[in-house]
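Have a look at the structure below, then the notes.
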Amino acid sequence: MERISADCAMEWSIELEKAIRSRKQGRAIEAILQIGPRIEQWSREPESNIVTLDMFGLVPGEDRLFANTILLRLADAFRLGDNLTRLSIARVFLSELKHRDKRNCKKYKGLLSKARVPNHLELLARVKTVFDAHDIESRAYALVLFGCWADFAKDNAQIRYLILSSLLSSHDLEVKASLFAAGCFCELADDFASVVLEMLAALLTSSEISLAVILAGARTFAKLGSSYSVANKAYKIGLQMVLDSAVEDFVVAMLFSLSKLASTSTSLISEQADLLLSFLNRERTSRVQTTALRCFHFLITKGVCPVTVDLTKALLCLIDEPKLPSAMQSEALRILHKILLYVVPPLQYVELHEFSKLFAIAENVLQYPISLKNHLAIHFLVDLACTIKESTQIVKDVYCSYSVPSRVVSLIIDQITLLVKQLLESCQTDSKAFEDIQMLLKLLLDVVDKHSQLGVLVLNNISLVIKNLVNMIDDNITVSYQAEISNHENVYYKGEKSRPVISKVLHKVYRFMVTFLENLNKAGSINSEIFQEVKLLVEFVCECSLFDFFTYTTYSFLLYNHNFRGCFMNESNDIWNHNNNSGVVPHDCFVKHEIDTLKCMQKRFTEAENWHAYKAGAHAANQGAWITATLVFGKLSSKVKSDTFSSWLKFLFQYAHFEGRIQLLLLPKQASTLVDCLGSNTFPITFSTDDLNNNDPSIEGNINISKYSETVTGAYGELCFSIGTLETAVTTRQAFCFQRWFLYLRAKVLENMVDILKAVRIILLNLDNCKNTVVESNHMLECVKSFQEISQISLQLKRLSQELDLIGMSFIDMDREGSKFISFLAVNCAVLAFTAGFVVYITNAHVNEDVTGENADNLQALVLQNLIGRLWHIDQQTRNHLSTLLNIIDKPKNCFHPHSDFQTMATGSEDKDFLSACSYAVSGIVCWLNEVKVYDKTLYKVSKNGLELLLNIAMKWLHSPFRVPKYFFKVRQCIGSELFAQNEDTRNQSDLSVLPGSCLSLNLCVQLRNVPSNLRLRLKKFYCILYCRLSFQEPRPSDDKEKTPSAYQAWKDDDFVEMNNDLFCYLANCNATKMRRRKGGRDDNDGVVRAFVNFELNEKGQGFSKCMLDVSDFPAGCYRIKWHSCCIDSMGSYRSLLPLNMGPVITIHKFPLG
């Protein structure tokens, strides 16, 4: 448990006291500057409550006592020290002031708020002593401290008088310090602001003050907006001063202050806009004009500035004026860009005859060398191309006549080409030009996102960029060769030196291509032209000898990209297959592409760097190319020396080999070609022809269940072996959490799949043996046993779907594509569980015999509930089918709750094919249900079609392409939380024990762990569930250590899913009556006690709370409390957090005898 500032305060206070008393020169100042960040950290933390104090063994008020002690010691050091010491102390409090939230200064609750400094009069008295008795510099430092302490000093009459009297001082330093303090007071006290305004007006109109004081006074005007009346009066006075002044520095400072004042009052905005517009004329200096533009930018960004035709004309004139400084033109262009983004509808203030001028100006800017102005111009043109589609028809007609989108695409490509040329000349891999290229590619995506018809044009231009890159390299090498023809090594070095630059550029282009194809897929714009352009690009890259191994691999897999799987080119007939709804690449094309890739990789592998080869293997696994991944990881595993890395690579090789066996099983006849190729090219991997399936499973009635079961069972053993290899690489309890959990679920799903195939095979075999006769008792027993197995498998698959949901929610930093893939797997399991469960239920309901041995109604409610939340919004037909099934099982709809927004994620062709397969399963069950009503009530007639439907859906699941998320190869420690518990009885906090019949009151602390600083989501609300039951009893702990937390694997806990479901329902306020009862603590139906707790996290990701656990019915003994936590992120989504430590053990003592 990390310590909080309040717990460290005593140590900090002692350290500060020792340092201040130290005779070592400079030690006092060093300690004062060291306490500064600590005060800032403490000020940001919420004030400690009773739970927090108890957790750290502090008595109430102790934290406040030491905080005030530290402040008093600093005040004493300020009083007794020299000016260098005073300067250091002033810097400490200025830094704390700088880090406050300026938008809510009146709601400040930090360490220096009045409520947390009870002895503030002592602090003020010590600093006032310095002000009264020392030199001007010391008086200035004292005024600065008064300003920093404004929250508790603002109501002190003596301090107010000191500040106001200092405004009349003859010393500039003292006046500027008093202006600073006055500004801090004005933000909090309206009455003081009124007085300061009167004195400020007189001060700034005096002819005896210096320019430095005038500028400080002008900046103070910006702080007079605490109330409407003061702000309005201050604005009028300041406006008149600006109009009457001829001092440029003063005008510049006042324009900023007046803009800030005007932004607080809608009645002042129009007047300020007119004032700023008057300063844009040519009579003003460029500095004043630039200031006016910056003020316009400030107001428009805040969304309060009115946009007029006069403003847009003035901005256009500034941009088109060649004699003006580039910085001013950039600012004008930036404002026009803001108008385009923030004003609705866009361009309503640009006359049509000026449209061409506007576009030409921005286009002309791009002809000059790369600069800020270029970036602004290209952003402007891109947003123009994206936004103007929403304008009036007249503007659209003008827009179309200029072919804006295609011209913008060409301009972006020209900029990228220039940047690539710069990179090749400098050969610097850390150049800012890479960021510029990435920015331009992102802008290109924005254009295509709005204009998907430009896909072919964009691909042509991207191919042109890569070809120009190759030509530039060849030209450089040729020039170098001609200049240094006598030294061939220099020529070789020139090409080698540019390789890292080439690789980095090509990688950014590749990432662009993946997102680009994904966006086109979502828009339904993937067609034969797109495919041919991508194919030509891939062929060009693979035939070029300048690129590294990773580049070859990634580009070769562009054709294997799943975006082409829904509509793949049948190259043998040159026919575009629009009717292929399987979502799977045709086998012939896949095998041919895999063989070509393997040959290319084998040829170039010897020259590849290990890191590039590893990335290539990871990419192949992410694309589902398991044969290629096996080749790469097999070769790398023989090279590595480290034990940990060796175990990791051996695991990857074994796992890829397992997936390769499954993949070969799915290729009926083409797989033998691939296996022969592997044998004939001396690849370091082999696959047995025994694993191959000679029958095409796509042909009805051609499924060899026995062959599938045998092969998948053998592969399952290999998967378990690879998991064992991974376990040997685990060095800490948090290592490979995602990988181990993901593979654990993969193994469980595969195990259930094999069991389904075996059970279906047994039932069909027994039914076929007696299709025309009465079912014999021994055959009936076999069928009943297998139907019962299918019932259990259905429940297990339902649970696995929930676990897959949970793994998708538990790794917050996973990419969106990975989360979507895991959601697909979860829905797959839910559909399979639903189909298996309803096959048992309908069979049992429509035959004369009881084939399940128990009522299957509850099973159907569970599997249907699990499916409805996932598929309810796919389409109206699916919803109708699900409603029909709801009515059949006679369960009210209000007990079924959506578990995910899976359907909102499905937008591409592969996604739609997948959803179509889900709809097929639901409609298949409903159709079969209608058919069985007219059948004879015999087991054979009723169950035959249902079992074949289950088999078909199982085979569809088995044949769906399997790949691992990119997150699988991120081996950093996962984001999670730890729980710390103490007894509320502060006399014996570590003893978590109570007497029988009593409730246990706990103080709790949760601590987030491993949260990266660049996490795109902010974790806001935090919740936790404590969970205990009688069966969690453990032996009484001995003096030896308990079971170490390193052995704890939360995902293997049988109660993990239930705890998450309880927590989710609690937050969703689902089944409110039941949850209210549970919140009380005890559930009499299942002997479980639960407690729900919410936390407020500080900046360290640490929260404190308390709860009451009702264990009054538990007999004497020791019990493990299990726990789980979650949070709500900044997007309002539920996020599970993996528990990184085991829950505490509580003890219920026996009553003492006698």
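The values are calculated or read from the model by the stated rules, or taken from the named source; none is laboratory data. What you see is a predicted model, and the numbers here were worked out from it, not measured in a lab. Ideal geometry is used to build each Cβ from the backbone, glycine not excepted, and the neighbour counts take in all protein chains shown. We work out accessible area using only protein heavy atoms, side chains counted, and drop any ligands, DNA or RNA first. Shrake-Rupley method; radii C 1.70, N 1.55, O 1.52, S 1.80 Å.
What the table shows:
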{"read-out": "Residue list for the stretch 918-962, restricted to those being β-branched (Val, Ile, Thr) and either modelled with pLDDT of 85 or more or in contact with a helix residue (DSSP H, G or I) (Cβ under 9 Å, 6 or more places away or on another chain) (or both)", "value": "VAL922, ILE925, VAL926, VAL932, VAL942, ILE953"}
{"read-out": "Some residue of the stretch 276-295 being under 19 Å from ILE214 (Cβ atoms), assigned to a helix (DSSP H, G or I) and open to solvent by 50 Å² or more (accessible area, probe 1.4 Å)", "value": "yes"}
{"read-out": "Check on LYS1052, surrounded by fewer than 14 Cβ atoms within 10 Å (Cβ to Cβ) and at pLDDT 80 or above", "value": "yes"}
{"read-out": "Residues of the stretch 723-770 that turn out to be assigned to a helix (DSSP H, G or I), under 30 Å from the mean Cα position of the chain (by Cα) and not aliphatic (A, V, I, L, M), as a count", "value": "10"}
{"read-out": "All positions within the stretch 1111-1143 that are closer than 17 Å to SER1031 by Cβ and open to solvent by 20 Å² or more (accessible area, probe 1.4 Å)", "value": "ASP1113, PRO1115, ALA1116, ARG1120, LYS1122, MET1142"}
{"read-out": "Of the criteria (1) open to solvent by less than 40 Å² (accessible area, probe 1.4 Å); (2) among the β-branched types (Val, Ile, Thr); (3) modelled with pLDDT under 90, which one THR1044 fails", "value": "(1)"}
{"read-out": "Filtered residue count, the stretch 182-218, keeping only those that are of a type outside the set (A, V, I, L, M), closer than 16 Å to VAL230 by Cα and not in a helix (DSSP H, G or I)", "value": "1"}
{"read-out": "Matching residues, the stretch 802-841, being among the hydroxyl-bearing types (Ser, Thr, Tyr) and under 24 Å from SER923 (Cβ atoms)", "value": "SER823, THR835, TYR841"}
{"read-out": "Checking LEU719 against (1) open to solvent by 30 Å² or more (accessible area, probe 1.4 Å); (2) under 14 Å from PHE658 (Cα atoms), the condition it does not meet", "value": "(1)"}
{"read-out": "Hey, THR644 β-branched (Val, Ile, Thr), assigned to a helix (DSSP H, G or I) and closer than 13 Å to LEU726 by Cβ or not", "value": "yes"}
{"read-out": "Residue among ALA212, ALA181 that is aliphatic (A, V, I, L, M), open to solvent by less than 10 Å² (accessible area, probe 1.4 Å) and closer than 27 Å to HIS99 by Cβ", "value": "ALA181"}
{"read-out": "ILE477 vs. criteria at pLDDT below 90, among the hydrophobic types (A, V, I, L, M, F, W, C) and crowded, with 19+ Cβ neighbours inside 10 Å", "value": "no"}
{"read-out": "Identity of the residue in the stretch 785-810, among the acidic types (Asp, Glu) and over 12 Å from VAL840 (Cα atoms), that ends up surrounded by the most Cβ atoms within 10 Å (Cβ to Cβ)", "value": "ASP805"}
{"read-out": "Leading residue by the ranking (modelled with the highest pLDDT) among those in the stretch 1125-1154 that are part of a loop (DSSP other than H, G, I, E, B) and among the polar types (S, T, N, Q)", "value": "ASN1141"}
{"read-out": "Among the candidates ARG91, ARG23, ARG3, residue that is charged (D, E, K, R), open to solvent by 10 Å² or more (accessible area, probe 1.4 Å), in contact (Cβ under 8 Å) with a residue 12 or more places away in the chain and assigned to a loop (DSSP other than H, G, I, E, B)", "value": "ARG3"}
{"read-out": "Whichever residue in the stretch 324-377 is part of a helix (DSSP H, G or I), of a type in the set (Ser, Thr, Tyr) and farther than 22 Å from SER406 by Cβ and, among such residues, is modelled with the highest pLDDT", "value": "SER330"}
{"read-out": "Which numbered condition LYS98 fails, given (1) closer than 26 Å to ASP155 by Cβ; (2) surrounded by 16 or more Cβ atoms within 10 Å (Cβ to Cβ); (3) not β-branched (Val, Ile, Thr)", "value": "(2)"}
{"read-out": "Considering residues of the stretch 220-257 that are touching a Cys at 6+ places or on another chain (Cβ under 9 Å), in a helix (DSSP H, G or I) and open to solvent by 30 Å² or more (accessible area, probe 1.4 Å) only, the residue nearest to ALA273 (Cα to Cα)", "value": "PHE256"}
{"read-out": "Test: residue in the stretch 141-148 that is in a helix (DSSP H, G or I), more than 28 Å from VAL117 (Cβ to Cβ) and either out of contact with any helix residue (DSSP H, G or I) (no Cβ under 9 Å at 6 or more places or on another chain) or β-branched (Val, Ile, Thr) (or both)", "value": "no"}
{"read-out": "Verdict on MET1059 being assigned to a helix (DSSP H, G or I), modelled with pLDDT of 85 or more and under 22 Å from LEU1002 (Cα atoms)", "value": "yes"}
{"read-out": "Hey, SER1031 farther than 14 Å from VAL1093 by Cα, at pLDDT 85 or above and part of a helix (DSSP H, G or I) or not", "value": "yes"}
{"read-out": "Hey, LYS956 in contact (Cβ under 8 Å) with a residue 60 or more places away in the chain and either open to solvent by 60 Å² or more (accessible area, probe 1.4 Å) or on the phi > 0 side of the Ramachandran plot (or both) or not", "value": "no"}
{"read-out": "Residue list for the stretch 55-72, restricted to those being of a type outside the set (S, T, N, Q) and in a helix (DSSP H, G or I)", "value": "MET55, GLU62, ASP63, ARG64, LEU65, PHE66, ALA67, ILE70, LEU71, LEU72"}
{"read-out": "Among (1) open to solvent by less than 50 Å² (accessible area, probe 1.4 Å); (2) more than 22 Å from ALA28 (Cα to Cα) - the single one ASN68 does not satisfy", "value": "(2)"}
{"read-out": "Unique match (being touching a strand residue (DSSP E or B) at 6+ places or on another chain (Cβ under 6 Å) and more than 25 Å from ASP132 (Cα to Cα)) among ASP54, ASP101", "value": "ASP54"}
{"read-out": "The stretch 296-316, subset in a helix (DSSP H, G or I), among the hydrophobic types (A, V, I, L, M, F, W, C) and under 28 Å from LEU261 (Cβ atoms), residue most open to solvent (accessible area, probe 1.4 Å)", "value": "PHE298"}
{"read-out": "Selection count, the stretch 118-134, where residues are open to solvent by less than 70 Å² (accessible area, probe 1.4 Å) and either without any contact (Cβ under 8 Å) to a residue 12 or more places away in the chain or farther than 17 Å from ALA77 by Cβ (or both)", "value": "2"}
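Yes/no per residue for (1) closer than 22 Å to ALA433 by Cβ; (2) at pLDDT 85 or above; (3) surrounded by fewer than 19 Cβ atoms within 10 Å (Cβ to Cβ); (4) not basic (Lys, Arg):
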residue: ASN468; (1), (2), (3), (4): yes, no, yes, yes
residue: GLU489; (1), (2), (3), (4): no, no, yes, yes
residue: VAL501; (1), (2), (3), (4): yes, no, no, yes
residue: LYS508; (1), (2), (3), (4): yes, yes, yes, no
residue: GLU539; (1), (2), (3), (4): no, no, yes, yes
residue: LEU546; (1), (2), (3), (4): yes, no, yes, yes
residue: LEU558; (1), (2), (3), (4): no, no, no, yes
residue: ILE575; (1), (2), (3), (4): no, no, yes, yes
